[in-house]
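Written out below as structure tokens is the structure these notes cover.
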Amino acid sequence: MSDEEAPREPSWKSLLRGVFAPATDALTEIGTLADLAGRSLLWAFRPPYRGQVFLAQLEFVGVQSVFLVGLVGLFTGMVFAVQTVYGFRRFGAENLVGGVVALSLSREMAPVLTAIMVAARAGSGMAAELGNMRSSEQIDALETMAVSPIQYLLVPRIVAGTVMVPVLALLFFLVGVGGAWIVGVQGLALDPGVFADKIRTLLKPDDLLQGLIKAVVFGFAVSLIACRHGFYASGGAVGVGQATTRAVVWAVVGVFVLDYALTTVLTPVA
Amino acid sequence: MSPAAPHVVVDRLVKRYGERTVLHGVDLTINRAETLVIIGGSGAGKSTLVRHLIALERPTSGRILIGGTDIASLSDVELAVARRRFGMVFQKYALFDSMTCFENVAFPLREQTRLKEKEVRERVLAKLRDLGVEHAAQLTPAQISGGMAKRVGIARALVLEPELLIYDEPTSGLDPVTSRTVDDLIEEMRERFAVTSVIITHDMVSAFDIADQLAMLIKGRVVAQGPPGEVLTSAHEDVQRFIRSSGVEASRLEKRRRRTPAAELAARFAAEAPVGHPPP
Ligand SMILES: Nc1ncnc2c1ncn2[C@@H]1O[C@H](COP(=O)(O)OP(=O)(O)OP(=O)(O)O)[C@@H](O)[C@H]1O
Ligand SMILES: [Mg+2]
């Protein structure tokens, strides 16, 4: 349109910038997330506290995910039982199946898969809703009415994610063990007494604790990333669609990266 | 703030998005109880300009003074306090679609005042009635027409009776009769509370009718500014083209109503409430 928009000349500077773009982009992104997390934390402790708004998010993230998480937990437990029985039969270790399933569910499967389900269901919903609110100026309207959008919109979502993912992961674990029991004991004729006994002897409180710690961190990360993409969405309906996709993709990637980091820190293998 | 000092001053405001300059040094002065109407082509930067007035955008350079204070210098908390005295009608309504229309209009009252629920109810219904949309109170924004949404948006901006009201195309999408009702409301707010208004509009009839000052923005520059009569007869080529294209004859435009001069309203208001607005 105007003279300011002349095409940029290629130069050494822009070439270098292009090469380092992925690295600087990643750093900027981490900065954005840290900034948003910090501001949310500050606002979380400032009055007014809006109970209703928070309850609505607990409902959305938690209650509405119960069925889905339960379903995925059930099938994960069942598949795991079949696979473990099949594998362990080769060296006559079928009696370990209950314990092994419970161990892997509590340390890995429950927190990781729950977080992924929450990212897919609640995270996409958060990003789409916030993105829509951004593009229809609702976030600006909040600001104009002297209400902090971070406090009003982000804090309840991030807190709800952080609180609900561990609860859902626990549910996932319990239903998953139940599913393994059904398949192993009812279907594949494992001994119920041994199945239960191996869970008792192999599963330590530490295992459950590690699962819960992971779930808390994943819940925080997933909702923070979802909020970030929705909150800073731009470019109308197309932009909101892209923001939603990015929210889910990066939340899931984030879960796996954090999972590795947390596992190395929390698991004394060396 | 003394009644003589301007309420809003825009001082050499420049706004760039990346490489692209949207506002090239805009200067404006608006006195208390005056109505400034901004006209100009699509994409001229009108919305961007008014968004600066309530600190939704940060200037690239230049200043915005409200009541003598540079709003860019305010902290988050100070800004929140200052914003209680602003209201804005958004171009795209910006109603919260998770709430009913009633809750939308009640929102600023519930957030910023300690009014009893009964009083909130009365005020909200009264505003909805003023705008002829009380039957939409229990509907959500998705269930009402664009024109109704616009009116609910206006009700929400007016309900706190702020000192500075910004309207981004309040009458676009409204039928002519409703548009005049909105003009009347804007005037009424001015007469009752000495409200300073900034209005973006493409409606030349209403622009001429309610403006103390008219400013024409073209490609990020104010090309003409002054009392409507002067601007309409300005020799500036862009201004003349704009007015010819608007389909109204400049010679036939006239003020329909008797208006109390801004200075008189401001003085009366300052005498009644020397420290600004009495808390609602
Ligand atoms: N956040 C942004 N990032 C980049 N460019 C922007 C942004 N906001 C506005 N612009 C650009 O600024 C210019 C002015 O936009 P603005 O919305 O202020 O126009 P307007 O005068 O209100 O137009 P209309 O009458 O159509 O509402 C447009 O060209 C727009 O593309
Ligand atoms: Mg606009």
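The values are calculated or read from the model by the stated rules, or taken from the named source; none is laboratory data. Predicted model, so just to flag it, every value in this text is computed and none were measured. A quick note on method: Cβ atoms are made from the backbone with ideal geometry, for glycine too, and the neighbour counts reach across all protein chains shown.
Assuming B:Val22 fulfils every condition listed in (1) more than 14 Å from every other protein chain (Cβ to nearest Cβ); (2) closer than 30 Å to A:Glu129 by Cα; (3) within 16 Å of ligand 2 (Cβ to nearest atom) apart from one, which condition is it?
For B:Val22, the exception is condition (1).
Quickly run through the range B:37-74 and pick out the residues that are more than 14 Å from chain A (Cβ to nearest Cβ), farther than 12 Å from B:Val9 by Cα and either out of contact with any Gly (no Cβ under 9 Å at 6 or more places or on another chain) or away from ligand 1 (no atom under 16 Å from the Cβ) (or both).
Of everything in the range B:37-74, those that are more than 14 Å from chain A (Cβ to nearest Cβ), farther than 12 Å from B:Val9 by Cα and either out of contact with any Gly (no Cβ under 9 Å at 6 or more places or on another chain) or away from ligand 1 (no atom under 16 Å from the Cβ) (or both) turn out to be B:Val37, B:Ile38, B:Ile39, B:Gly40, B:Pro59, B:Ser61, B:Ala72, B:Ser73.
Determine whether the range B:87-100 contains at least one residue that is at pLDDT below 95, more than 11 Å from every other protein chain (Cβ to nearest Cβ) and either touching a helix residue (DSSP H, G or I) at 6+ places or on another chain (Cβ under 7 Å) or loosely packed, with under 15 Cβ neighbours inside 10 Å (or both).
no
A quick yes/no check of all residues on (1) in contact (Cβ under 8 Å) with a residue 40 or more places away in the chain; (2) more than 16 Å from ligand 1 (Cβ to nearest atom):
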residue: B:Met88; (1), (2): yes, no
residue: B:Lys92; (1), (2): no, no
residue: B:Asn104; (1), (2): yes, yes
residue: B:Arg129; (1), (2): no, yes
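I'm told A:Leu153 meets every condition in (1) away from every other protein chain (no Cβ under 14 Å); (2) more than 16 Å from ligand 1 (Cβ to nearest atom); (3) closer than 23 Å to A:Ala119 by Cα except one. Can you identify the failing condition by its number?
(1)
Restricting attention to the range B:5-36, which residues are within 11 Å of ligand 1 (Cβ to nearest atom) and either within 16 Å of the chain's Cα centre (by Cα) or surrounded by fewer than 22 Cβ atoms within 10 Å (Cβ to Cβ) (or both)?
B:Arg16, B:Tyr17, B:Gly18, B:Glu19, B:Arg20, B:Thr21, B:Val22 - these are the residues of the range B:5-36 that are within 11 Å of ligand 1 (Cβ to nearest atom) and either within 16 Å of the chain's Cα centre (by Cα) or surrounded by fewer than 22 Cβ atoms within 10 Å (Cβ to Cβ) (or both).
Does A:Leu142 satisfy the condition of being within 30 Å of B:Ile71 (Cα to Cα), in a helix (DSSP H, G or I) and without any contact (Cβ under 8 Å) to a residue 12 or more places away in the chain?
Working: within 30 Å of B:Ile71 (Cα to Cα): yes; in a helix (DSSP H, G or I): yes; without any contact (Cβ under 8 Å) to a residue 12 or more places away in the chain: yes.
Taking the combined requirement at face value, the residue satisfies it.
Looking at this structure, is B:Leu165 modelled with pLDDT of 85 or more and touching a Lys or Arg at 6+ places or on another chain (Cβ under 6 Å)? First the steps, then the outcome.
Details: modelled with pLDDT of 85 or more: yes; touching a Lys or Arg at 6+ places or on another chain (Cβ under 6 Å): no.
No: the conditions fail for B:Leu165.
Identify all residues within the range B:185-224 that are more than 22 Å from B:Lys150 (Cα to Cα), away from chain A (no Cβ under 14 Å) and within 16 Å of ligand 1 (Cβ to nearest atom); write none if there are none.
Answer for the range B:185-224, where residues must be more than 22 Å from B:Lys150 (Cα to Cα), away from chain A (no Cβ under 14 Å) and within 16 Å of ligand 1 (Cβ to nearest atom): B:Leu214, B:Ala215, B:Met216, B:Leu217, B:Val222, B:Val223, B:Ala224.
One residue is enough: does the range A:125-148 have a residue meeting the conditions touching a His at 6+ places or on another chain (Cβ under 7 Å), small (Gly, Ala, Ser) and away from chain B (no Cβ under 14 Å)?
Yes, the range A:125-148 contains at least one residue that is touching a His at 6+ places or on another chain (Cβ under 7 Å), small (Gly, Ala, Ser) and away from chain B (no Cβ under 14 Å).
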